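Asks: Pasting a structure below so you can have a look.
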Ligand SMILES: *Cc1c(COP(=O)(O)O)cnc(C)c1O
């Protein structure tokens, strides 16, 4: 590969700034910040930023990312290997490797628990499990509270190589449900019932992901919830879509340039803004409408959907410029109103939001 561009720039200062703020929000409310690394393919330098800024555990849904972290020997601030957490319900086929790499798993099935126990026994390890309770988002987790309780008691008493770390839930993923005092209260109450039943405190009661942070910031998270698994608040918490979705004004203070793509200008032409001819579909088989803004000056940069997913997943870092669209390998930028004169060979920066970060980091190293 001779070409250097598009070039991914990782702004460690911005990542550390965001991670520190997230950690502060958590810490002030007695919550452990578990740093979720799947959004940037577990890039080790960013994992280190997370740890430096307070993440006590690193988590991913993809085992190879955790493996990479373990093999790199990343340590927590206490000098021990950083604890690793598998946050997708493990596949039976990955469990043997999983118990050798990760310390924690989120689980919801007895068959998975059995397999984890057997694998942990084979490798002479103790594996910690967090049993997932579905409070309404309808992705993973056991729906009936009594069943969660029953399974927790069983793990506590019957599995020699497992340790019940606690319970957790997931929100805002498939069912779009927001964390509120009601569903978090339900999780907290269930945790207390379990503690009564097993006669000890749980290590973790995990109240979800970034979508649960606004409740923490508002000071309304039940005190029983003591851990969140957070990725996107750090990566792109302040992107304008998140701000409107979460309705959390504090997110606006986070940096939005953690991951930036430097793209090279390959064409600058003066041309109409409305396509000419009979309109069909674009490169992604989508029909489109166009606004006729007359003749405009337009730059093309050598990066497109293959790199950034879609123009909706990036924010242009150039005053006066607007993103007009992208095909697989080209992104069109209207530069008519730019003060800066743009020429062939110049670089234009695109600030990446979560999906674009996931796309570009996945493409580089997986
Ligand atoms: C992805 C994921 C998270 C992190 O979500 P963010 O929105 O990035 O904070 C937490 N928990 C689970 C189970 C996940 O799959």
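The values are calculated or read from the model by the stated rules, or taken from the named source; none is laboratory data. Please read these numbers as outputs of a predicted model, since none were measured by experiment. Backbone-built Cβ (ideal geometry, glycine too); neighbour counts: all protein chains shown.
Asks: Do we find that residue 217 is at pLDDT 95 or above, surrounded by fewer than 24 Cβ atoms within 10 Å (Cβ to Cβ) and under 25 Å from residue 303 (Cα atoms) in this structure?
Replies: Values: at pLDDT 95 or above: yes; surrounded by fewer than 24 Cβ atoms within 10 Å (Cβ to Cβ): yes; under 25 Å from residue 303 (Cα atoms): no.
In short, no.
Asks: May I ask you to list the residues in segment 194-213 that are in contact with a helix residue (DSSP H, G or I) (Cβ under 8 Å, 6 or more places away or on another chain), more than 12 Å from the ligand (Cβ to nearest atom) and in a helix (DSSP H, G or I)?
Replies: 194, 197, 198
Asks: Related question: Show me the strands (runs of 3 or more DSSP E) entirely contained within segment 296-366 in which 1 or more residues are over 18 Å from residue 240 (Cα atoms) and out of contact with any strand residue (DSSP E or B) (no Cβ under 6 Å at 6 or more places or on another chain).
Replies: Values: elements: 314-316, 322-326, 331-334, 347-352.
Qualifying strands (runs of 3 or more DSSP E): 322-326.
Asks: Kindly provide the set of residues from segment 156-193 that are closer than 30 Å to residue 96 by Cα, away from the ligand (no atom under 16 Å from the Cβ) and not in a loop (DSSP other than H, G, I, E, B), ordered by number.
Replies: Matches in segment 156-193: 156, 157, 158, 162, 163, 164, 191.
Asks: Quick one: how many residues across segment 27-43 are assigned to a loop (DSSP other than H, G, I, E, B) and over 9 Å from the mean Cα position of the chain (by Cα)? Steps first, please.
Replies: If we filter segment 27-43 for residues that are assigned to a loop (DSSP other than H, G, I, E, B), which is where we start, we get 28-31, 37, 41-43.
If we keep only those that are over 9 Å from the mean Cα position of the chain (by Cα) too, we end up with 28-31, 41-43.
So the count comes out to 7.
Asks: May I ask you to say which residue of 252, 283 is assigned to a loop (DSSP other than H, G, I, E, B), more than 16 Å from the ligand (Cβ to nearest atom) and either in contact with a helix residue (DSSP H, G or I) (Cβ under 8 Å, 6 or more places away or on another chain) or in contact (Cβ under 8 Å) with a residue 40 or more places away in the chain (or both)?
Replies: On the way: 252 fails: assigned to a loop (DSSP other than H, G, I, E, B).
Answer to the selection: 283.
Asks: Against the condition under 23 Å from residue 38 (Cβ atoms), at pLDDT below 95 and within 20 Å of the chain's Cα centre (by Cα), how does residue 254 come out, does it pass? Spell out the reasoning first.
Replies: On the way: under 23 Å from residue 38 (Cβ atoms): yes; at pLDDT below 95: no; within 20 Å of the chain's Cα centre (by Cα): yes.
So residue 254 does not fit the description; no.
Asks: Still on this structure, please answer the following. Of all residues being within 16 Å of the ligand (Cβ to nearest atom), assigned to a helix (DSSP H, G or I) and in contact with a helix residue (DSSP H, G or I) (Cβ under 6 Å, 6 or more places away or on another chain) in segment 54-68, which is nearest to residue 27 (Cα to Cα)? Just the residue, please. Explain how you work it out, then say what you get.
Replies: Taking segment 54-68 as the starting set, the residues that turn out to be within 16 Å of the ligand (Cβ to nearest atom) are 54-66.
Filter once more, keeping what is assigned to a helix (DSSP H, G or I): 63-66.
In the following step, the residues that additionally are in contact with a helix residue (DSSP H, G or I) (Cβ under 6 Å, 6 or more places away or on another chain) were identified as 63, 66.
Working: 63: 28, 66: 24 Å.
Here the residue is 66.
Asks: Shifting gears a bit: Does segment 220-249 hold any residues that are away from the ligand (no atom under 15 Å from the Cβ), touching a helix residue (DSSP H, G or I) at 6+ places or on another chain (Cβ under 8 Å) and without any contact (Cβ under 8 Å) to a residue 12 or more places away in the chain, and which are they?
Replies: The answer is 249, and nothing else.
Asks: State all residues of segment 82-107 that are surrounded by fewer than 20 Cβ atoms within 10 Å (Cβ to Cβ) and either within 22 Å of the chain's Cα centre (by Cα) or within 16 Å of the ligand (Cβ to nearest atom) (or both); if no residue qualifies, say none. Show your work before the answer.
Replies: Initial filter on segment 82-107 (surrounded by fewer than 20 Cβ atoms within 10 Å (Cβ to Cβ)): 83, 88-89, 91-94, 96-97, 100-101.
Selection gives 83, 88, 89, 91, 94, 101.
Asks: Select, from 30, 42, the only residue that is on the phi > 0 side of the Ramachandran plot, more than 15 Å from the ligand (Cβ to nearest atom) and modelled with pLDDT of 95 or more. Give the steps one after another, and end with the answer.
Replies: On the way: 42 fails: more than 15 Å from the ligand (Cβ to nearest atom).
Exactly one of 30, 42 is on the phi > 0 side of the Ramachandran plot, more than 15 Å from the ligand (Cβ to nearest atom) and modelled with pLDDT of 95 or more, namely 30.
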